[in-house]
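Here the structure is laid out as structure tokens; the discussion comes afterwards.
Laboratory data are not the source of any read-out in this text; all were calculated from the coordinates shown. Note that the structure is predicted; figures quoted are calculated from it, not measured. A quick note on method: Cβ atoms are made from the backbone with ideal geometry, for glycine too, and the neighbour counts reach across all protein chains shown.
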Amino acid sequence: MPRTELESPISLSAELEKKYSYDEGEPDRVVLCVELEAKHGGNTVWHRSYQLDACGNEGGQAMARLVSLNVSLAVESTLKGEIAPGVSAAPDKPELIDKWLAILRDLGEEITIS
């Protein structure tokens, strides 16, 4: 019997969870790669990629660290007036982005920019 649109993602999720669940005590891992390219008139005028590969360690789970650190940076930046209050996709000021990446690196997160 074919899967319905609703059943398909749910079944896939359950299948992936069963196949790739962490063992007791095994550290989690977060891998993120973002590549951005800007073109003008068919020519690339800016191109950069960011890679992050983090594992759980004595500092906590990788996912928890990466989420909570960025939330705290956003709260601090809002309180300092560096970003507007409310919902937004991400900071868009290069100096603020560089500051956040530097803080994450200082806290031990390995981020590669190429």
**Complete:** Label model pair S68, D98: point-to-point distance (7 angstrom along the Cα→beta-carbon line) in nm is 3.0
**Asked** Please identify the GluC sites (Glu not before Pro) of the stretch 4-61 that satisfy two criteria: DSSP loop assignment and at most 10 other Cβ atoms within 10 Å. Which are they?
**Response** E5, E24, E58
**Request:** Kindly state, as a whole number, the per residue volume in cubic angstrom of the convex hull around the alpha carbon atoms of the stretch 44-109.
**Result:** 112
**Prompt:** Helix 62-79 versus the longest principal axis of the chain: what angle, 0 to 90°, nearest 10, using Cα atoms?
**Reply:** 30
**Complete:** Nearest 10, in degrees from 0 to 90: the angle of helix 7-20 to the longest Cα principal axis of the chain is 90
**Request:** With everything on Cα atoms, drop me the angle between helix 94-106 and the longest principal axis of the chain, reported from 0 to 90° to the nearest 10.
**Result:** 60
**Request:** Quickly work out the S11-to-L36 label distance, labels modelled 7 Å from Cα along the C-beta direction, and quote it in nm with one decimal.
**Result:** 3.9
**Message:** Let me test this: with uniform point scatterers at the alpha carbons of the chain, what is the Debye-based log₁₀ I(q)/I(0) at q = 0.11, 0.14 1/Å?
**Reply:** -0.58, -0.84
**Complete:** In this structure, the FRET efficiency calculated for L107 and T78 from their beta-carbon separation, with R0 = 22 Å, to the nearest 0.05, is 0.65
